[in-house]
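J.: To start, I am sharing the structure in question, which I have written as structure tokens.
We did not get these values from a lab; they are worked out from the coordinates using the rules stated. What you see is a predicted model; the values in this text were computed from it and never measured. Ideal geometry is used to build each Cβ from the backbone, glycine not excepted, and the neighbour counts take in all protein chains shown.
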Amino acid sequence: MTTLLETLTEKALRRETPTREEAMAVLGGEGELLDVVAAAARVRREFFGNRVKLNTIINMKSGMCPEDCSYCSQRLGSKAEILKYTWISPEEAAEHAGRAVRAGAKRVCLVASGRGPGDRDITRIENTIAAVKGDHPDVEVCVCLGLLGEGQAERLADAGAHAYSHNLNTSEERYADICSTHTFADRVDTLRRATEAGLSPCSGAIFGMGESDEDIVDLAFALRELDPDSVPVNFLIPFDGTPLGGRWELTPDRCVRILALFRFFFPDVEVRLAGGREIHLRSLQPLALHLANSIFLGDYLTSEGQPGADDLQMIADSGFVVEGADEPTLPAARHDLVTIRRRGAGSAKARRAEAVRQGEPAAADGPGADG
Ligand code: SF4
């Protein structure tokens, strides 16, 4: 008789979504933990081999946010004793990025606190992308600035951004429990804008905020519908001075099951082990490398992570290798959908939207052509 884990593995290898019942069974504790890891690890190896992609976060502007996301140390009224500062310069950001790239980072995530950027903020980010890419032309730049307005995603794409990151964080059903100043639908809308502008969509979640198994499964289905290229999996860092401070409800077992479930839902997508891995997975961190194919190197937005040297040691000890700048992260079939932009700014070719108007064959403008 085919077991649940065999079914999930076979479906994932065919890029099929688990059913709600199958997903609930994984979270509900069916199967020994190591069997769950072995099943999802087969999927990870099929699409990503033994490569681990390294990413780094640069917090361009920290704290003082008018939004009230309850998990966030930068929120309105946060008493968390984090570093607070306004925009760092493009040059400073490029310097941090350069250090991370030399340490092995392939993607640089430029993040700023706030509800969303003003047009002057987009100009700052355009200048920052130019500075980062001037030093390291091959680095992937991902931007994370909150809710995007009309035309802003296009400006970022034209400036050379590769991806836009905006997490859904939790299920639609309980979104209002974690934030009252914007909605789940606002977040979906921004992700769609970014995708339509040709940016590679990055969207994930934070676990450990009181969500049920049903919420986790709902969120996985909602994310799958958005078809992201990368999915960061965060575990709540419960900062003192925030409404969720002191909430420690995750166990390493639960974190591993969540990661395995996300691998089954996103077999050929970059599943990124993100904030909170050190404090929640603890000694099971190396096991998580068999599920996620991507991690953040070093520090997070407002908290410090494991030293980069320890991460590199953990990767080597576990039999993985750091993904090189010249290796595509995503498997061929998916990678074709997000080929690096070769149109618009910096090239002689018209942007995709303009090319359609100029009557280029539709096939050249669809998935498989330029991002
Ligand atoms: S998650 Fe972003 S929008 Fe929400 S409070 Fe933190 S910085 Fe502001």
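J.: Tell me which residues come under 5 Å, amide H to amide H, from VAL52 once H is placed; ignore anything under 5 positions away on its chain.
T.: VAL321, VAL322, GLU323
J.: Follow-up. Given only helices, namely DSSP H runs of n ≥ 4 each adding -39500 (n - 2.57), what is the per-residue ellipticity at 222 nm of the chain, to the nearest 500 deg cm²/dmol?
T.: Taken over the chain, the calculation gives -11500 deg cm²/dmol.
J.: Let me ask something additional. Roughly what % antiparallel, to the nearest 5, for the DSSP beta bridges in the stretch 43-334?
T.: Bridges in the stretch 43-334 are about 5 percent antiparallel.
J.: Across the stretch 240-246, in residue order, what do the Karplus-derived ³J(HN,Hα) couplings come to in whole Hz, using 6.51 cos²θ - 1.76 cosθ + 1.60 with θ = phi - 60° and x for Gly and Pro?
T.: Working through the residues one at a time gives 4, x, 10, x, 9, x, x Hz.
J.: In a Gaussian network model over the chain where Cα atoms closer than 10 Å are linked, find which of ALA274, ALA97, ALA80 has the largest mean-square fluctuation.
T.: Judging by the Gaussian network model, the answer is ALA80.
J.: Taking the Cα centre of the stretch 1-157 as the origin, how large is its charge dipole in debye, to the nearest 20, when only Lys and Arg (+1) and Asp and Glu (-1) carry charge on their Cβ atoms?
T.: The calculated dipole for the stretch 1-157 is roughly 340 debye.
J.: Near the amide H of TYR164, under 5 Å away, which other amide H atoms are found, from residues 5 or more places off or on another chain, if H is placed in the peptide plane?
T.: Close amide H contacts, sequence-distant or interchain: VAL143, SER200, CYS202.
J.: List the lysines whose Cα lies under 20 Å from the Cα of LYS106, skipping any in the same chain that are fewer than 8 positions away.
T.: Partners found: LYS53, LYS133.
J.: Excluding LEU281 itself, what net charge comes from residues whose Cβ is under 11 Å from its Cβ, given Lys and Arg +1 and Asp and Glu -1?
T.: +1
J.: Also, quick follow-up: When the dipole is taken about the Cα centre of the chain, and only Lys, Arg (+1) and Asp, Glu (-1) are charged at their Cβ, what size is it in debye, to the nearest 20?
T.: 740
J.: A further question on this structure: For ASP253 and ASP317, FRET efficiency with R0 = 30 Å and r from the beta-carbon atoms, rounded to 0.05?
T.: Working from the Cβ atoms, E equals 0.90.
J.: Quick one: what do you get for the stretch 36-187 if you divide its Cα Rg by 2.2 N^0.38 Å?
T.: Here the Cα radius of gyration is 1.15 times the empirical estimate.
J.: Assuming 0.36 nm per residue, please report the length gained on full extension of the stretch ARG15 to ARG115 beyond their Cα-Cα distance.
T.: Extending this stretch completely gives an extra 32.5 nm.
J.: I've got another one for you. At GLU172 and ARG192, where each label point lies 7 Å from the Cα along Cα→Cβ, what is the point-to-point distance in nanometres?
T.: 1.1
J.: Next question, about the same structure. Based on the Cα coordinates of the stretch 168-326, what is the per residue volume of their convex hull in Å³?
T.: Expressed per residue, the convex hull around the Cα atoms of the stretch 168-326 is 126 Å³.
J.: Compute the Rg to Rh ratio over the chain from the alpha carbon atoms, using the Kirkwood formula for Rh, and round to two decimal places.
T.: Taking Rg over the Kirkwood Rh, I get 0.94.
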